[in-house]
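Every read-out reported here was derived from the displayed coordinates using simple, explicitly stated rules and does not represent laboratory data. Everything numeric here is computed off the predicted structure, so don't read it as measured data. Neighbour counts are summed over all protein chains in view; Cβ atoms, including those assigned to glycine, are modelled from backbone coordinates with ideal geometry.
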Amino acid sequence: MNARYVMKQPKLRDSRKLKMQELYPINQFPDEIIRMIGKQMVYLKCVGRKDISGDDWGDIFAHAVGGTHLKSPVGIADVICDKMAWSLKTIKNSIPHTTKSRPRLIIGRNSTDYSLDIPDPHKDIQATGNAVLQIWNRRVDIAYQDFISVRTVILIRNFEKLTFTLFEEDTRRFVPSEYEWEENDGGNFEGFEIETQQHRFTWQPSGSQFSKYTSIPKNAFKFRIKTPPLLDMNKTLEQIDYSDDWVEILR
């Protein structure tokens, strides 16, 4: 009679389909994905790149997971593969493997004036902060209408020393009542988690840029690549059968 009752999980007909559509569990990148990311980094270093951009990172990750890089300036989904979507972020850091800083991620431009008719954001700072989160939540809702899994993938990089830290997290909604907002000396709005008093968000009235602060998990993936030799220009041109008639001079 005193035995603990363990409730069984209900078996659903669509649960197997859901599991099959996810490429891998959250933040558990298969080795082949890490290797494919590293392989593309090696190539970019070979051709003389000094660093990578956000678009480069989108291309690299899309190729690694066999997905499509949308390159769209709106919405949350940067890379999609079947019913999965990822938002791609990359941050430059001199010590990716040991940094203790909390990455600041720019996650959108939330215009409270355009979206919710708040012409003066300073009139009620808390109401404006709630509105910023409400706009974000609506974007998340839209993403989940099309995808079963929506994640944010963060690459912390030192491309010069070829060291990287990689992790991902669920892209989620935020409960406005869990945060309090105040204006800083620069005129920007900062959102703090009420329970911990930790700084979680920054919103800039000028430009409507919305950022969140996240923590690097202990199980983040750390990897490095060897320094490759630069490709020789003349040998490369020879390999592709280059000739001077490839250059057409227009007068």
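Some notes on this structure:
- 19 Å cut-off, amide nitrogen to a point 7 angstrom out along residue 237 Cα→Cβ, residues in the stretch 37-72: 47-49
- Annotation: extensible slack from residue 138 through residue 97 equals 11.3 nm (criterion: 0.36 nm per residue apart, minus Cα-Cα distance).
- Extension gain, residue 124 back to residue 82 (0.36 nm per residue minus Cα-Cα distance, nm): 10.9 nm
- Highest average packing first - 31-37, 156-162, Cβ atoms within 10 Å: 156-162, 31-37
- For the stretch 153-251, the C-alpha radius of gyration divided by 2.2 N^0.38 Å, with N the number of residues, is 1.90.
- Lysine pair number, Cα distance threshold 17 Å (strictly under), the stretch 25-228, separation 8 or more or different chains: 22
- Taking Cα atoms only, the orientation of helix 31-46 departs from the longest principal axis of the chain by about 50 degrees.
- Correct choice for mean projected area of the Cα convex hull in nm² that was computed from the model, options (i) 13.3; (ii) 22.8; (iii) 19.6: (ii)
- Relative to the longest principal axis of the Cα atoms of the chain, the long axis of helix 54-65 lies at roughly 90 degrees.
- Cα gyration tensor, the stretch 120-176 - rounded (a/c under 1.5), prolate or oblate: oblate
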